[in-house]
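These notes are about the structure you will find just below.
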Amino acid sequence: MNPAPNLVLVGPMGAGKTSIGRQLARRLDLAFVDCDHLLEERTGVAVPVIFECEGEAGFRQREAALVAELMQGRGQLVATGGGAVLDEANRRALSARGFVVWLQASVPQQLERLARDRSRPLLAGSDKQARLEALAAQRGPIYAALADLAFDADGLSVAAATDRLHAQVQAHWQRVEAA
């Protein structure tokens, strides 16, 4: 058990961090924060525009600053971007002040969920399956090492996943009002 003031969802794009996270936050009476959406709000532009103008490195700098800021708070469910875990400082901040849940989804499940989504800069190009497989190979071990709880959301509706994850979080997460 990792006592923490925040609940954090990590995992690949299409795993349900935003959809499941929003419902789970309501059930747990937590403020819901989606990192990508908050970055868009603050910059006034969509994530793909940030990637286009500043490249992935520029986006990751903005993301790291936001993660550091958010992890100073409490009583939040934070849905990170899929690549937020690549930065060591982000991993330290997430694990220090968050109970980290890895939402798992298979590549076929991701492809199905992201079939009509054109807002993912890392999926630009023709072979989305190969790109998702490469991202899974790179990030999977990082998610596994960081996670306090791994949750397989594959094949579940948002409602079913939320129900099951709610029960597991209640059993494993000790919410604290840490300084």
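Neighbour counts of C-beta atoms inside 10 Å place C35, C53 in the sequence C53, C35, starting with the fewest. The order of D29, D148, going from fewest to most other C-beta atoms within 10 Å of their C-beta, is D29, D148. Using a simple spin-label model with pseudo-atoms 7 Å out from Cα toward Cβ, Q168 and I142 lie 2.1 nm apart. The mean sequence separation of alpha-carbon pairs under 8 Å and at least six residues apart, normalised by the residue count of the chain, gives a relative contact order of 39 percent. Rounded to the nearest Hz, the phi-derived 3J(HN,Hα) couplings of segment 161-171 under the Karplus curve 6.51 cos²θ - 1.76 cosθ + 1.60 (θ = phi - 60°) are 5, 4, 4, 5, 5, 4, 4, 5, 5, 4, 7, where x marks glycine and proline. Arranged from fewest to most other beta-carbon atoms within 10 Å of their beta carbon, V107, V10 become V107, V10. Structure remark: mean-square fluctuation, Gaussian network model of the chain, C-alpha springs under 10 Å; the largest value among R42, R26, R92 belongs to R42. Here is the tail figure for the chain: Cα pairs spaced more than 24 Å apart come to 32 percent of all pairs.
Take the Cα of E133, go 7 Å toward its beta carbon, and the backbone nitrogen atoms of segment 67-109 under 16 Å from that spot belong to 106-109. If you bin all the Cα-Cα distances of segment 51-96 at 10 Å, starting from zero, the percentages per bin are 26, 56, 16, 2.
Computed from phi, the 3J(HN,Hα) profile of segment 143-159 under the Karplus parametrisation 6.51, -1.76, 1.60 (θ = phi - 60°) reads 4, 4, 5, 7, 6, 7, 8, 9, 10, 8, 8, 4, x, 9, 5, 4, 5 Hz, with x in place of Gly and Pro.
Every helix of 4 or more DSSP H residues in the chain counts as -39500 (n - 2.57), and over all residues that averages to -17000 deg cm²/dmol at 222 nm.
Values quoted throughout were computed directly from the atomic coordinates according to the rules given, and no laboratory measurement underlies them. Note that this is a predicted model, so its numbers are computed, not measured. Please note: Cβ atoms are built from the backbone with ideal geometry, for glycine as well, and neighbour counts cover all protein chains shown.
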